[in-house]
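The values are calculated or read from the model by the stated rules, or taken from the named source; none is laboratory data. The structure presented is a predicted model; accordingly, all values stated were derived computationally and were not measured. Cβ: placed from backbone, ideal geometry, glycine included. Neighbour counts: every protein chain shown. Keep in mind that these areas ignore ligands, DNA and RNA; they rest on the heavy atoms of the full protein, side chains included. Shrake-Rupley method; radii C 1.70, N 1.55, O 1.52, S 1.80 Å.
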Amino acid sequence: QVQFVESGGGLVQAGGSLRLSCVASGTTFRWKDIGWYRQAPGKQRTLIVDVGSDGNTVYAESVKGRFTISRDNAKEVMYLQMNNLKPEDTGVYYCKYKWGPYWGQGTQVTVSS
């Protein structure tokens, strides 16, 4: 059973930073494309950044230059370093294999103005 456990969210002021972690289990992490998704209040869950098994990354315009995704294949962990946070970054952050159906429970990020 594929599982994800996200952590690292919290309440931060605008301009602050957070680092999210996603621990994956249940399949071969290193061969999977994986990404971070965000669900803002009242909105659909959307992909904001992903990293391929080859290390290539794709960022949404809204987070480009502020967020950095990384992965540690040996530990089967993915990270999201979020800098210069804005109130519009508020939401629940989830990780998921790009081509799979399983979701974690998410971690809440709240950015106050």
Return one quarter of the surface area of the convex hull spanned by the alpha-carbon atoms of region 54-97, equal to its mean projected area, in nm².
3.7 nm²
Given charges at beta-carbon only (K, R positive; D, E negative), |dipole| of the chain in Debye
60 debye
Solvent-accessible surface (1.4 angstrom probe) belonging to Ile69, in square angstrom, nearest 10
10 Å²
Expressed as a whole percentage, what fraction of the accessible surface of region 6-107 belongs to carbon and sulfur atoms when a 1.4 Å probe is rolled over the protein heavy atoms?
48 percent
Per residue, how large is the accessible surface of the chain? Use a 1.4 angstrom probe and give square angstrom.
53 Å²
Quick one: Debye curve from the alpha-carbon atoms of region 1-82 only, equal weights, vacuum; give me log10 I(q)/I(0) at q = 0.13, 0.15 Å⁻¹ to two decimals.
-0.42, -0.56
For region 1-41, projected area of the alpha-carbon convex hull averaged over all directions, nm²:
4.1 nm²
Hz values of 3J(HN,Hα) by residue in region 103-113 - Karplus curve (6.51, -1.76, 1.60), Gly and Pro given as x:
10, x, 8, x, 9, 7, 10, 10, 10, 8, 8
Net lengthening on full extension, Trp103/Arg66 (0.36 nm per residue, minus Cα-Cα)
10.9 nm
Which value in nm describes the separation of the simple spin-label points at Ser17 and Gln44, placed 7 Å from the Cα toward the beta carbon?
3.4 nm
